[in-house]
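The values are calculated or read from the model by the stated rules, or taken from the named source; none is laboratory data. Keep in mind that this is a model prediction, so the values were computed, not measured. Cβ coordinates were reconstructed from backbone atoms using ideal geometry, including for glycine residues, and neighbour counts include every protein chain displayed. For accessibility, only protein heavy atoms count, side chains too; no ligands or nucleic acids. Shrake-Rupley method; radii C 1.70, N 1.55, O 1.52, S 1.80 Å.
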Amino acid sequence: MSLLLAVPLSSAAAGAAASPLAPAVDQTGNYSLFLQEKFDLTIGDSTTKGELLQDLALILNYKPTADAVTFSDLSPSSPYYEAAAALSQQGIVSGPAIHPDEPVGGFQAVFIALKAAGLKELAYTYPEAKTAAALNKLHLKPDAFQSETAAQEIAA
């Protein structure tokens, strides 16, 4: 998961001054070098969701099975299809739409990283008080999220 958090995160919401996760990113300069040397990956500020999914599938060495996966915005001929299908089959991303050409947002990157690291179940054990305390450290409130599970995932 720490490898994915090296991704420069864009602001979490329109008009936000800075991502609440920015301090963690500033301390991970060595991760960019590691990704470049180990996987020949360069992840920058304009990384799209499709590129992130390709990079993640490469790092985790995930390949899709023969089972068909259908996305509303990706055809099997897309350069992002194989990665999206493999990650969908692993429960890391879900469709029907992937939005591969959109810039990946900070919260999106965290949601994906949490699931890729196998920490989803841990996040869902967080009681309301622990979720609120963790989010408070990021200057966030649980009711800012669309669901309790999303707040728990960011808290974890």
Item to check | Environment charge at Ser94 (Cβ cut-off 14 Å; Lys +1, Arg +1, Asp -1, Glu -1) | outcome: +1
Next on the checklist: Quick check: residue separation of Ala97 and Leu33 times 0.36 nm, minus the Cα distance between them. What number comes out in nm?
Outcome noted: 19.9 nm
Next on the checklist: Relative contact order of the range 47-133, please, whole-number percent, based on alpha carbon pairs below 8 angstrom and at least 6 residues apart.
Outcome noted: 33
Checklist entry - By the gyration tensor of its Cα atoms, with a ≥ b ≥ c the square roots of the eigenvalues, what is the shape of the range 55-121: rounded for a/c under 1.5, prolate for a/b over b/c, or oblate? => result oblate
Next on the checklist: Can you tell me which lysines have their Cα less than 23 Å from the Cα of Lys130? Leave out same-chain residues fewer than eight positions away.
Outcome noted: Lys115, Lys120, Lys141
Checklist entry - Charges only on Cβ, +1 for Lys and Arg, -1 for Asp and Glu: so what's the dipole of the range 66-150 about the Cα centre, in debye to the nearest 20? => result 380
Checklist entry - Got a number for carbon plus sulfur as a percent of the range 45-156's accessible area, 1.4 Å probe? => result 51
Checklist entry - Which chymotrypsin sites (Phe, Trp or Tyr not before Pro) from the range 60-124 combine a DSSP loop assignment with at most 13 other Cβ atoms within 10 Å? => result Tyr124
